[in-house]
1. Answer with yes or no whether residue 268 is in contact (Cβ under 8 Å) with a residue 24 or more places away in the chain and part of a loop (DSSP other than H, G, I, E, B).
2. State all residues of region 37-70 that are closer than 21 Å to residue 93 by Cβ and touching a helix residue (DSSP H, G or I) at 6+ places or on another chain (Cβ under 6 Å); if no residue qualifies, say none.
3. With 74, 62 as the choices, which residue is part of a helix (DSSP H, G or I), under 16 Å from the mean Cα position of the chain (by Cα) and closer than 19 Å to residue 157 by Cβ?
4. Looking at residue 277 and the list (1) surrounded by 17 or more Cβ atoms within 10 Å (Cβ to Cβ); (2) within 26 Å of residue 106 (Cβ to Cβ), which single condition is not satisfied?
């Protein structure tokens, strides 16, 4: 009763996560950590946040970075006993949910900002201010925290009441009777469990996927229609970029969310172990694909922009200047300054003294 959705002895096939999961998740964590850290580092030291899009991009990178930092612990919990206690259990599970919601809603804000800037260009000056973007981001983080309250509250660190449970280590599969703790859902009664186990995935589907998807489709469709009217090479290139952004979002998230929807609808239907194991395997694979999006966000939203790439290039120019500072300091200073002038966003020269670290 205290563990309504206990792990079943019969339906406990998790071989895919054991064999393939750690490698795929490690790649996702490394790529996501490097890409989003570079975005934050570039904004912090060079580009700064000068527009609404910059503020949203920075917050997306922060959400994705926190997401990939929590991911290894979540995956570890699915494969082994949870060793870190109650507080870490609630914080990691809750922060995982907060970063998921905030990151997806920030992407919707980026599409809305681009819609206003291109489709509603005449009125965009009054609508697109840096201060308002900070307010929007703050409200999104608060909202993501509020919808994640059930995740914080109902996740507990405990020892399951059932005795037959199989754990895996890196060398072999073995059954153990030692006390094993998990960080999972735990409810006081079946009614609460039924409500939460339906409400949480339904909220994730509605707010964490379909809402951002509909906003992106509406905004980017309007953007494409507006850009098609202007027969310009850069505009045509922008249309292709928009289509790639939407397509990648759909490919990464739609399959997993459809599987989650199917699982939620059939939550209380009785099924055999083969069907349950097949669904669990499919969701594991599709979840990995969905996680890949946090690695692609820096490429799709930040590095694809010429201005951002110019600022990012300055990082390596300055690092090279630091490495060769004592070899040819005057020449390096001149080269970096000239390169910066050539690639500056507004075409104006930067203060050369700030380029020598």
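1. Working: in contact (Cβ under 8 Å) with a residue 24 or more places away in the chain: yes; part of a loop (DSSP other than H, G, I, E, B): yes.
Yes; evaluated as a whole, the condition is true for this residue.
2. Going residue by residue through region 37-70, those that are closer than 21 Å to residue 93 by Cβ are 62-70.
Residues satisfying the conditions are 63, 64, 65, 66, 67, 68, 70.
3. Details: 62 fails: closer than 19 Å to residue 157 by Cβ.
Selected residue: 74, the only one of 74, 62 that is part of a helix (DSSP H, G or I), under 16 Å from the mean Cα position of the chain (by Cα) and closer than 19 Å to residue 157 by Cβ.
4. Tallying (1) surrounded by 17 or more Cβ atoms within 10 Å (Cβ to Cβ); (2) within 26 Å of residue 106 (Cβ to Cβ), residue 277 fails exactly one: (2).
We did not get these values from a lab; they are worked out from the coordinates using the rules stated. On a predicted model such as this, the values are computed, not experimentally measured, just so you know. Virtual Cβ from ideal backbone geometry, glycine too; neighbours counted across all protein chains shown.
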